[in-house]
Amino acid sequence: MINYPNQKKEGTNNNKNDNSSNRGMSLEQDLDYTNKYYLHHNIANIHKKPTPIQIVKVDYPKRQAAKITEAYFKLPSTTDYNGIYQGKYLDFEAKETRNKTKFIFTNIHKHQIEHLKSVIYHGGIAFFIIKFTSFNEVYLLSAQIVIDAINSGAKSLSYDIINAEGFLIKQGYQPRLDYLKAIDQLINLR
């Protein structure tokens, strides 16, 4: 059991139709496969960040079969992925939405925005990868656009803005989501 700070415990589900716990897994799997491809082909070194946990209880049925039965998140996580590409530090958050008209900011936390601001301040490349599942489209969007929208009091960005300001990521077999081509475009605009 993992206890989330200020949230319900993992495994409890008050709404049987709520699939939000698995939302983002398809995108994250595609990104993980893509990152393995980039690493294997010596293109970039990008990894999913582990979330630091405090282990509270471990069962030892056998010495080699230790099982964590209770843990707590130590700190709120920052973003999903970070790494290096062509000597540039990358840091990004991956999000999926079923909404056809907008990307809502409810799952972006203040500490994540502060982290992305710091990455930008120090010369890194900070961005979001957003998948609109209804259209099967994935976009790379500069974090600065999201930061500016949040600072102006917006609660979301429209699909039209993301389509106009973001970079559509080509989907394929290898790599699954070639987002570094979008990074190249983003770098050329800086």
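If the requirement is being closer than 18 Å to S77 by Cα and open to solvent by 10 Å² or more (accessible area, probe 1.4 Å), which of these qualifies: H109, H122?
Numbers: H122 fails: closer than 18 Å to S77 by Cα.
So the residue among H109, H122 that is closer than 18 Å to S77 by Cα and open to solvent by 10 Å² or more (accessible area, probe 1.4 Å) is H109.
Looking only at region 175-184, decide whether some residue is without any contact (Cβ under 8 Å) to a residue 60 or more places away in the chain and more than 19 Å from T34 (Cβ to Cβ).
Scanning region 175-184 turns up no residue that is without any contact (Cβ under 8 Å) to a residue 60 or more places away in the chain and more than 19 Å from T34 (Cβ to Cβ).
Residues being modelled with pLDDT of 75 or more, of a type outside the set (S, T, Y) and closer than 17 Å to E93 by Cα: count how many of those fall in region 45-81.
Selection size over region 45-81: 6.
Tell me whether region 147-159 contains one or more residues that are under 20 Å from I46 (Cα atoms) and open to solvent by 30 Å² or more (accessible area, probe 1.4 Å). Working first, answer last.
First, pick out the residues of region 147-159 that are under 20 Å from I46 (Cα atoms): none.
Checked against the condition, which is being under 20 Å from I46 (Cα atoms) and open to solvent by 30 Å² or more (accessible area, probe 1.4 Å), region 147-159 yields no hits at all.
Select from region 63-93 the residues that are touching a residue at least 60 places away in the same chain (Cβ under 8 Å) and within 16 Å of the chain's Cα centre (by Cα) and list them in ascending order.
To start, the set of residues in region 63-93 that are touching a residue at least 60 places away in the same chain (Cβ under 8 Å) comprises 69-73, 76, 85, 88, 90.
Hits for region 63-93 are P76, L90.
Could you check region 162-190 and list, in sequence order, the residues that are touching a strand residue (DSSP E or B) at 6+ places or on another chain (Cβ under 7 Å), closer than 19 Å to Q29 by Cα and open to solvent by 40 Å² or more (accessible area, probe 1.4 Å)?
Selection gives L168, Q171.
Mind checking which residues of region 71-92 are of a type in the set (D, E, K, R) and in contact with a helix residue (DSSP H, G or I) (Cβ under 6 Å, 6 or more places away or on another chain)?
D91
What single numbered condition from (1) modelled with pLDDT under 95; (2) closer than 26 Å to Y38 by Cβ; (3) of a type outside the set (A, V, I, L, M) fails to hold for K110?
With (1) modelled with pLDDT under 95; (2) closer than 26 Å to Y38 by Cβ; (3) of a type outside the set (A, V, I, L, M) applied to K110, the lone miss is (2).
The values are calculated or read from the model by the stated rules, or taken from the named source; none is laboratory data. Values in this document were obtained by computation on a predicted structure and should not be read as measured data. So basically every Cβ, Gly included, is an ideal-geometry build from the backbone, and we count neighbours across all protein chains shown. The protein model used for the area step is the full one, side chains on, heavy atoms only, and it has no ligands, DNA or RNA in it. Shrake-Rupley method; radii C 1.70, N 1.55, O 1.52, S 1.80 Å.
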